[in-house]
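*Asks:* Here it is, the structure in full.
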Amino acid sequence: MLPEKLKSELTAQIARVDHPREMAIDVINALQDHYGYFSDEALAQAADLLGMSPLELDELATFYTFIYREPVGKHVIHVCDSLICWMEGDENLVAHLCDRLGIQMGGTTADGLFTLLPVCCIGYCDRAPAILVDRQVHGPLTIDALDRLIDTLRENHS
Amino acid sequence: MPTLKIDNREINVPAGTKVIEAAERLGIMIPRFCFHPALGSVGACRVCAVAFTEGPVKGIQMSCMIDAQDGMVVSTTDAEAVDFRRHVIEFLMLNHPHDCPVCDEGGHCLLQDLTVAGGHGLRRYRGLKRTHINQDLGPLVQHEMNRCIQCYRCSRYYQEFTGYRDLGVMGIGSRVYFGRSAPGMLESPFAGNLIDICPTGVYTDKPSRYIGRRWDYQRQPSLCIHCSLGCNLTASARYRQVVRHEARPNLEVNGHFICDRGRYGYAYASIADRPRQAMAAGTPGPIVDILAGAREAIQQTVEKHGPGSVAVVVSPRSSLETLAVVKEACGQHGWTGPAAAHTNRQALNRNTAVSCLRPELAVSLAADTEAHDVLVIGADPLNEAPMLALSLRQVQRRGGHVIVIDPRGVQLPFDFDHWAVHPSAMGAILQALIQEIGGHRATAPDTPATFDITKLARRLNASPRPVVVCGTDILTPHEIALAGDLARALRRTHKVAGLFYTLAGANAFAAALLHDQPVSTEAVLDRIEDGGVRLLVAVEQDLWREFPDRKRLQAALKRLDHLVVLDYVDSPLNREAGHFIPTQPLYESGGHWINQEGRLQAASPVMAGGEPIEITGGSDHPPRVFDRRIPGDEPLAAWRAVAALAGEDEADPAPQLKTALADFHPAVNLSTPEATGQRIDLEAIAHDLVESGPAPEPAEDDAPADAVVLLLVDWTFGTEPLSAMAPALTRMEAAPVARLHPDEIARLGLAEGRPVTVSLNGNRLTVPVQADPRMAAGVMAVPRHHLLEWQVFGETRVIVKRSQLKAESE
Amino acid sequence: MTATYPQVLLKNRKPDRITTLSEYREAGGYEALRRVLTEMDRQEVKTRLADALLLGRGGAGFPAGIKVSTVAEDAPFPRYLVCNADEMEPGTFKDRVFLHAEPHMLIEGMALAAYSIRASHGIIFIRPEYESAAKILEREIGIARGEGLLGERILGSDYDFEIVVHRSGGRYICGEVTAQLNALQGRRPNPKQPPPYATDKGLWGLPTLANNVETLACIPHIVKNGAQWFKDLALTPEAAGTKLFCVSGKVNRPGCYELPLGIKLSEIIETCCGGMKDGATFKACLPGGASTGYLTADHYHIEMDFDSLKKARNRLGTGAVMVFDHHCCMVAATLNLTEFFARESCGWCTPCREGFPYLRDLLWRIENGQGEAGFIPMIKTMCRHLWKSYCAFAPGGVASIESLLMNFEDEVMAHIEGKGCPFKK
Ligand SMILES: Cc1cc2nc3c(=O)[nH]c(=O)nc-3n(C[C@H](O)[C@H](O)[C@H](O)COP(=O)(O)O)c2cc1C
Ligand code: SF4
Ligand code: FES
């Protein structure tokens, strides 16, 4: 269920713009933040708020990298695998991450804490190799720094 | 008019013609996937590339994206263009399954054709094919996403052209997926066109799956007879069973599409309980004997009670051939009728519309789309004549405007203005509108202020191309005539102003030409009740299903000496009839129909009659019983049967038909083949047939203030009797409900979701209540649904007092 | 090092924070806007832009002055100004650096551009990875509004202009301006070929001007200092202005540097970036992001401006210089880039949607020892055909592949003949 407060906030935001559709991504983001991912339930609610059909919203949701139509872990780790990060050792990082988390690229840890996803160049080539954790950039990364990062995130939850 | 050269041949085309279309005029079919004449150009598939060698555009370009211009020199055979197109096809085949030999689309697949034509025969790509999961899209359309070539035709057609929002494109890149957000029934009643529009086999016809390959079918040009628009289609049959309809493009009528009622409504022609056996009082017998028996019964009745004691009713859905022979027979023998409408109002409605349709006002369904402002009066397009709704959507897409004045909660797949007006106010509004159009201030009738007649009149007056659309189901003749007057008033100040009526029945227009003074079944029943008529011949008119008072009908039939029924649908009356003669549906008889704008159109016979192998073989194949005769081949074209009843025993009926058609009406001329496909001579129709002068006041005027008007209405699926027999369509139907405005539900003490019983003249109708805020106050709309015994009140528009309504507890 | 060249856009850049509004104003910020609103004619802004020969910094290098003047005087209202801060071109991060340094310069630039076409609505389209910049912008827009620099009756004039930040869902194609306009309208971000042009019928069917962050940021300076001043900033006669070069890869100091257009590539690498990393040898670079072709050592001293690169049959693109040393396998690098384009293709047109996965497959086979000599002509033909795609995405995407075959065919053949990647041995 969508909390009344969030719903009324979004309704008010939508009411302020000339064309509700222009708010589609913002509304999707807000609901995704609330549910953890953009679930079918969220899709239906967002469609309702925006006066769009679920399909119309799904047409958008399934297009973008940062909208998750399937459940993801508490922390989403996006590993940049584009040219510079790859050149600066991305393969080692990925192998190490998969190893540490015990999952494949695209997987979510059993405790639901982490999801590992590849991402195209995130615009931090000057800090390669770089990753995003919950849309926050980290880089340039070494294996040690990565381990510390994972440890901190884990500790925050225990 | 630019002149350009394509493959060394010069052509002159209207400005705005795309190069791909210009080439087509020369007979050069440039490959295309995303381009479709109804959807326009988007340049996505890139398979229409040609080389521009001279003129304003240079290089390899997409011929669908470039307007033909003066001085262009185009080569479709340029080596680079050919190689590029070959690559595009190779690209499209990377992920395409290799199942052509068994694919449902094989043999009529554009991708298959172009792959062969484009010379891509050997697979070079060594990677894996991506695969998709298919969706259940409901009973009509089968989904097979792996065949998709991402031309985007389906999503563009579905969303842009039809205005529905539950099918589209998801994902990105080479994984884009066309379908719904979640599996489920497609919402658009025009979804079946996806099958025709998909250039490969992503969307295929579900009911005909695995029945045969298209090249095995007997395919003939045919017509849809499930409403009065007369959409063109191609009917396919296999083993004596009609198995598929496809839209047949007719740019003057239905464009490229048809609705799903028309596409899937054919099952009645081949279902197991279709009567194929002539019967005397329920006992089967050879058809010649039964015909002779019926003829004798008629002769005896005429001898005893005079020719007028024999009456004929015929369906406004019957072919022109049948109507003509019936008319000729009645005229020659002095029989009563033929009646081709149920009630007096319906008969008058139809004839008023036909007589008001002047040649300078008549517009076709296709021309409707070019209108700028359309005023729809007393019509519910999506439910009564679905393709009209699609046509009106194109008006709105082109920047035009649609206003609907109708008491029902009309819904259309686009933005429009709706004046939910009480039926009794329609006439006054129209009158006021006519006055305003003529420049006189009208005293505003008693309607809500939001219905600003002055503004509407101004809008119509200022419109470059106004069209008046008027229904004939819920209105009175007076209002129908006023709609004609309105169009005429607009015509005075407009070069083009159109008038477009919808009628009840695929051949209702022809039925209107049967008499100057229309006869209704209601009037025939009066004559039965007063003893004047003793024998009734019902020709393809299933009175039991369609006459709006079943009790009265049955009582009247009991008074008859004799009943003769000719039909191709099963009905209790068939067994009650003294003589029953099975007839052929249009797939077997062929024939002519005149649609609601007066266009004469032909349907070819698709197959020989006879019981489908599906039935005779008990679904086994091949059949185990062999005979020289086809089992169940007795049914006759109705006109032949009528000719046999009216004429001599062994006489050849062909000359009789010829005379009957020639005598049918001066407006209808079948003597030249060119006449078919054209509008008949509307000038030759007596336009004073029904005058619009002082007409009978609507009965509602005398009704108490707390009464409601009950309208028994059409729905897209479930009410039209023939299509309601199609199993695929019954899954599309909504359950019957009585729709009322929520305030009205409260006022009448009813409850949403609970049944209401209407009791009138000792008859009762019980149906659950549904709130519809778009309904006018004081109105209740109930569908003439096949799951509802709605044939109770003798009319489809009746006044119900509050005391006659009862809320049921469950 | 860089201090030897005049700094315009990054003059007041701080190591870890933005230039505040008051700092920006102290340094002469919003002066141009004040002058334009009070003394200057709207036309004058357009004239200066045209005279300054400011070329779009988003990658295509279209003259900004011409684009502004295509918005017809009698075009309908409201009119829109879109700032393209999508910056998803691999290797490119200059807009990010700039937004974290000088948000008000962009705001002022937008106000000026908007004023010149009488636009009332400004939208900054920003990629999700730049959330911190989005927050900064929203905050600073609020501050500017509070100071009467945005909103109604700007600086007491009769001119109203609002800016909102629009967050993208994240896809490279959203940077392409017609796709971006679709995205802004809540539609699928497929590109849309003109006509109509955005300046005629853009957002919601209304006139819309779209420019890159850096392009817009140049405007206040051009208005204030004049066209000639701007032209003089460049080192080569045809070029005008400075450019934010973002250098990454095998150099000692990757980063974003403001340098005059026309500066030599060698100087960027050696002087600004401290030379090649670990004393390696320069092998090649992409001069302007993933959509440009490789420059080899032959072009080590090329003058980095739009014209010179065009003459070298390459493009300045976004000015994102991605540097490779002699350890790098160019087949593997190109495979990586092709993977990017295969993944990000919007899926609208056939050659791009299907061609990149096909090319990726062929390159993967070459890199992994399954290559065949016959692949090379196949790849060349396909690349040529991908130029006939619907939008500029695919021509950009094949740039690296085409230049791989042009400049490094030996290396490709070595993969094929040696049945594997020589750099992995
Ligand atoms: C695939 C593709 C991606 C693009 N991405 C960006 C981008 O991220 N940022 C940008 O400013 N321009 C991008 N562009 C260029 C824009 O389409 C457009 O030319 C530019 O924003 C116009 O601004 P300018 O004239 O100021 O450069 C892209 C173009 C293409 C074809
Ligand atoms: S080239 Fe075609 S598929 Fe590729 S991004 Fe452009 S439109 Fe989309
Ligand atoms: S390549 Fe990884 S951030 Fe740019």
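The values are calculated or read from the model by the stated rules, or taken from the named source; none is laboratory data. Because the structure is predicted, anything quoted here is derived from the model rather than measured. Cβ atoms come from the backbone with ideal geometry, glycine included; neighbour counts cover every protein chain shown. Note: accessible area is taken over every heavy atom of the protein model, side chains too, but ligands, DNA and RNA are not part of it. Shrake-Rupley method; radii C 1.70, N 1.55, O 1.52, S 1.80 Å.
*Asks:* If you check C:P194, C:P189, C:P207, which single one turns out to be of a type outside the set (G, A, S), open to solvent by 50 Å² or more (accessible area, probe 1.4 Å) and either closer than 20 Å to C:A72 by Cβ or more than 16 Å from ligand 3 (Cβ to nearest atom) (or both)? Talk me through it step by step, then tell me what you get.
*Replies:* Values: C:P189 fails: open to solvent by 50 Å² or more (accessible area, probe 1.4 Å); C:P207 fails: open to solvent by 50 Å² or more (accessible area, probe 1.4 Å).
Unique residue meeting the criteria: C:P194.
One line per residue, one yes/no per condition, for (1) touching a residue at least 60 places away in the same chain (Cβ under 8 Å); (2) assigned by TED's automatic domain parsing to the domain that holds C:G289; (3) among the polar types (S, T, N, Q):
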site	(1), (2), (3)
C:E303	yes, yes, no
C:F306	yes, yes, no
C:R313	no, yes, no
C:G317	yes, yes, no
C:L337	yes, no, no
C:T350	no, no, yes
C:G355	no, no, no
C:R360	no, no, no
C:L363	no, no, no
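*Asks:* Suppose we filter C:E344, C:E372, C:E339 for residues that are open to solvent by 10 Å² or more (accessible area, probe 1.4 Å), within 16 Å of ligand 3 (Cβ to nearest atom) and of a type in the set (D, E); which single one remains? Write out each step before concluding.
*Replies:* Working: C:E344 fails: open to solvent by 10 Å² or more (accessible area, probe 1.4 Å); C:E372 fails: within 16 Å of ligand 3 (Cβ to nearest atom).
From the options C:E344, C:E372, C:E339, the qualifying one is C:E339.
*Asks:* Of these, B:T454, B:T443, which one is over 30 Å from B:S188 (Cα atoms), more than 32 Å from the chain's Cα centre (by Cα) and open to solvent by less than 50 Å² (accessible area, probe 1.4 Å)?
*Replies:* Numbers: B:T443 fails: open to solvent by less than 50 Å² (accessible area, probe 1.4 Å).
The unique qualifying residue is B:T454.
*Asks:* Just wondering, is there one or more residues in the range B:15-36 that are among the aliphatic types (A, V, I, L, M), touching a Leu at 6+ places or on another chain (Cβ under 7 Å), away from ligand 1 (no atom under 16 Å from the Cβ) and within 27 Å of B:V253 (Cα to Cα)?
*Replies:* yes
*Asks:* Which ranges mark the helices (runs of 4 or more DSSP H) fully within the range A:2-83 that have 3 or more residues being open to solvent by 10 Å² or more (accessible area, probe 1.4 Å), at pLDDT 95 or above and within 30 Å of A:H138 (Cβ to Cβ)? Step through it out loud before you land on a result.
*Replies:* Working: elements: A:4-16, A:24-35, A:40-50, A:54-61.
Hits in the range A:2-83: A:24-35.
*Asks:* Residue check: is C:L309 more than 16 Å from ligand 1 (Cβ to nearest atom), crowded, with 23+ Cβ neighbours inside 10 Å and of a type in the set (A, V, I, L, M)?
*Replies:* Criteria not met by C:L309.
*Asks:* Of the residues C:V223, C:V213, C:V247, C:V251, only one is touching a Cys at 6+ places or on another chain (Cβ under 8 Å) and in the same structural domain as C:S168 (by TED's automatic domain parsing); which?
*Replies:* C:V213
*Asks:* Out of the range B:113-152, which residues are in a helix (DSSP H, G or I) and either away from chain C (no Cβ under 14 Å) or open to solvent by 70 Å² or more (accessible area, probe 1.4 Å) (or both)?
*Replies:* Passing the criteria: B:D113, B:V116, B:A117, B:N146, B:R147.
*Asks:* All but one of (1) closer than 23 Å to C:P195 by Cβ; (2) surrounded by 17 or more Cβ atoms within 10 Å (Cβ to Cβ) hold for B:L92; which doesn't?
*Replies:* Only one criterion is unmet by B:L92, namely (1).
*Asks:* Would you mind finding the one in B:R180, B:R240 that is farther than 30 Å from A:E59 by Cβ and either open to solvent by 10 Å² or more (accessible area, probe 1.4 Å) or in the same structural domain as B:F717 (by TED's automatic domain parsing) (or both)?
*Replies:* The match here is B:R240.
*Asks:* Quick one: C:G156 ticks every box in (1) more than 9 Å from chain A (Cβ to nearest Cβ); (2) open to solvent by 10 Å² or more (accessible area, probe 1.4 Å); (3) within 24 Å of A:I14 (Cβ to Cβ) bar one, so which box is it?
*Replies:* (3)
*Asks:* Residues to consider are C:F356, C:F324; find the one that is crowded, with 22+ Cβ neighbours inside 10 Å and within 14 Å of chain B (Cβ to nearest Cβ).
*Replies:* C:F356
*Asks:* Moving to a separate point now. Would you mind finding the one in C:T334, C:T350 that is away from ligand 1 (no atom under 16 Å from the Cβ), of a type in the set (V, I, T) and either surrounded by fewer than 24 Cβ atoms within 10 Å (Cβ to Cβ) or within 12 Å of chain B (Cβ to nearest Cβ) (or both)?
*Replies:* Details: C:T334 fails: either surrounded by fewer than 24 Cβ atoms within 10 Å (Cβ to Cβ) or within 12 Å of chain B (Cβ to nearest Cβ) (or both).
Step by step, each of C:T334, C:T350 is checked, and only C:T350 is away from ligand 1 (no atom under 16 Å from the Cβ), of a type in the set (V, I, T) and either surrounded by fewer than 24 Cβ atoms within 10 Å (Cβ to Cβ) or within 12 Å of chain B (Cβ to nearest Cβ) (or both).
*Asks:* If you scan the range B:16-34, which residues turn out to be assigned to a loop (DSSP other than H, G, I, E, B) and more than 19 Å from B:K58 (Cα to Cα)? Lay out the reasoning, then the answer.
*Replies:* First, the residues of the range B:16-34 that are assigned to a loop (DSSP other than H, G, I, E, B): B:16-17, B:26-34.
Scanning the range B:16-34 gives B:L26, B:G27, B:I28, B:M29, B:P31, B:R32, B:F33, B:C34.
*Asks:* Could you go through the range B:186-206 and let me know if any residue there is surrounded by fewer than 21 Cβ atoms within 10 Å (Cβ to Cβ) and among the hydrophobic types (A, V, I, L, M, F, W, C).
*Replies:* No: zero hits.
*Asks:* Mind checking which residues of the range C:256-295 are outside any loop (DSSP other than H, G, I, E, B) and open to solvent by 20 Å² or more (accessible area, probe 1.4 Å)?
*Replies:* C:Y257, C:K264, C:E267, C:E270, C:T271, C:M276, C:K277, C:D278, C:G279, C:F282, C:K283
*Asks:* Could you list, in sequence order, all residues of the range C:155-203 that are within 15 Å of ligand 1 (Cβ to nearest atom), in a loop (DSSP other than H, G, I, E, B) and among the small types (G, A, S)?
*Replies:* Hits for the range C:155-203 are C:S168, C:G169, C:G170, C:A198, C:G202.
*Asks:* Would the range B:580-590 turn up any residue that is open to solvent by 10 Å² or more (accessible area, probe 1.4 Å), farther than 26 Å from B:P307 by Cβ and either in the same structural domain as B:Y217 (by TED's automatic domain parsing) or out of contact with any strand residue (DSSP E or B) (no Cβ under 8 Å at 6 or more places or on another chain) (or both)?
*Replies:* Looking for residues that are open to solvent by 10 Å² or more (accessible area, probe 1.4 Å), farther than 26 Å from B:P307 by Cβ and either in the same structural domain as B:Y217 (by TED's automatic domain parsing) or out of contact with any strand residue (DSSP E or B) (no Cβ under 8 Å at 6 or more places or on another chain) (or both), one finds at least one in the range B:580-590, hence yes.
*Asks:* For the range C:300-329, which residues satisfy the criterion of being of a type in the set (D, E) and in a loop (DSSP other than H, G, I, E, B)?
*Replies:* Once the filter is applied, which keeps residues that are of a type in the set (D, E) and in a loop (DSSP other than H, G, I, E, B), the range C:300-329 yields only C:D305.
*Asks:* Could you check the range C:28-71 and list, in sequence order, the residues that are more than 26 Å from C:D158 (Cα to Cα) and away from ligand 1 (no atom under 16 Å from the Cβ)?
*Replies:* C:D51
*Asks:* Restricting to the range B:765-805, name every residue that is in a strand (DSSP E or B), out of contact with any Ser or Thr (no Cβ under 9 Å at 6 or more places or on another chain) and under 19 Å from B:A735 (Cβ atoms).
*Replies:* B:P768, B:V769, B:Q770, B:A771, B:M780, B:A781, B:V782
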